[in-house]
Amino acid sequence: MEFEPQLPPSVRCKKSFAISDVQMKSQLLDYLGMNIETEKIATSFIQRVLTLSGIKLGVLYNPHYWSWENKRSPGVYKYRGGLKVYHDPKLDAKAVDLSKRPGRIAATGDWRFVGASDYWFGPAIFEVFPREHLLAFKQALSIQELPNGIIHLQLLHLDEYWSDDSQARIRALREHLEIDRLEGEYRKALRDLWEQRHGKSKKSN
């Protein structure tokens, strides 16, 4: 892919673990994240955390890959071939179009979607997606329902994240979960709330 960063092996194998929807002193944190050395640590940890009330999602991802999926400033790219650049009126600056990147971050309410190798869906997320819908996804390397009710979906091998096959898997999961629709509904709800409190903005979104 044209935006694949050229990373040394030490970065390519780097892994992080994140939990979405963490409440702390009345402030919602997008992620409670930590670096890990082995996937076994993440598996054990997340299965414990996701049994807590309200926790929806945990992911295993590479923070450098995540960063490059979401780079909007054209100035950070050494090679710009294939990049679609437009003028963002909100930033009043040029920005890279990320709409074709399936692993880009999406705010969907009190949890976030990101491109990752593994996803653990906690019981709280079944309020958003029926359990049967998650289990019906066909493009995963593996998907299983754990004894504690958590669904573990291994989507890809993390060191193969930028391959065409892995990107296609991320896109398929994004479409299966209708992430873009959920994000659109969430952003509209935020705009409506803002307008209720402050009146309509001069600039149309």
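Here are the numbers:
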read-out	value
Whole-Å semi-axes of the ellipsoid equivalent to segment 100-200 (Cα gyration tensor, √5λ, descending)	28, 18, 10
Förster-model FRET efficiency, 41 Å R0, S163 and W194, C-beta, rounded to 0.05	0.55
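No lab work stands behind these numbers, since they all come straight from the coordinates. As the structure is a prediction and not an experimental result, all values here were calculated from the model. All Cβ positions, even for glycine, are placed from backbone atoms using ideal geometry, and neighbour counts span all protein chains on display.
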